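This report concerns only the one structure given below.
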Amino acid sequence: MTTSEHPTPDSSVLPTAGLGPLVRIDGQWLIGDHERTAHIALLPEGLEHRVAGRDPFLVPWPRLMSLGIGVSSGRFLSTPVGGLLSKYDDITVHGSCLNAMVRNPYDMWKPRFFHHRRRYPAVEILIVRQLLEETVRLDRADLLGDDAWLSSALRDLAPARLPWTRKGQVAQQERVAALVSDAR
């Protein structure tokens, strides 16, 4: 695939066309760098793990019991080698990955994705992590596949660069919970 065949980020949604590892490309929300080997798509029917040379693997929204994300600001710690050296619990030998508990059958699912070439601000990682965790915890994982809701939620959350304190994290978590509750 040549460089000209790669889709370009949709900058009309957010000033940065996304938040941390979550980006909007050609009207679709993706986690990770779509130009590299592996990334994850947030589709109306569920999460789809896409790896070059393999068939995509879809996990429907109702199967998700919990959902987290393991990613660092810089690219090195988001690699398997960096994950071995990392002091962060969420980053392991899988490198950048989602951490999901799925049902039917019950299992841990850790789809790997590649870090973009740019750095992710730590506050953006926190916002994406809270958005994923809270939406699934409140049993509304399907909202992550709703393009209009996700775009609106990220617009509401992105400007709130809350301080990197426990109080700021709790306030942000409450904002996410309110967005999910309002969608009912």
Got a sec? Which of Ala148, Ala153, Ala160 is open to solvent by less than 10 Å² (accessible area, probe 1.4 Å) and modelled with pLDDT under 95? Ala153
Go through (1) open to solvent by 10 Å² or more (accessible area, probe 1.4 Å); (2) modelled with pLDDT under 80; (3) in contact with a Gly (Cβ under 7 Å, 6 or more places away or on another chain) and name the single condition Gly95 misses. (1)
Criterion (under 16 Å from the mean Cα position of the chain (by Cα) and not in a strand (DSSP E or B)) met by exactly one of Gly53, Gly74, Gly68: Gly74
Is at least one residue of region 117-127 of a type in the set (A, V, I, L, M), modelled with pLDDT of 95 or more and within 14 Å of the chain's Cα centre (by Cα)? no
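The values are calculated or read from the model by the stated rules, or taken from the named source; none is laboratory data. Please read these numbers as outputs of a predicted model, since none were measured by experiment. A quick note on method: Cβ atoms are made from the backbone with ideal geometry, for glycine too, and the neighbour counts reach across all protein chains shown. Remember, those area values only see protein heavy atoms, side chains included, never the ligands or the DNA or RNA. Shrake-Rupley method; radii C 1.70, N 1.55, O 1.52, S 1.80 Å.
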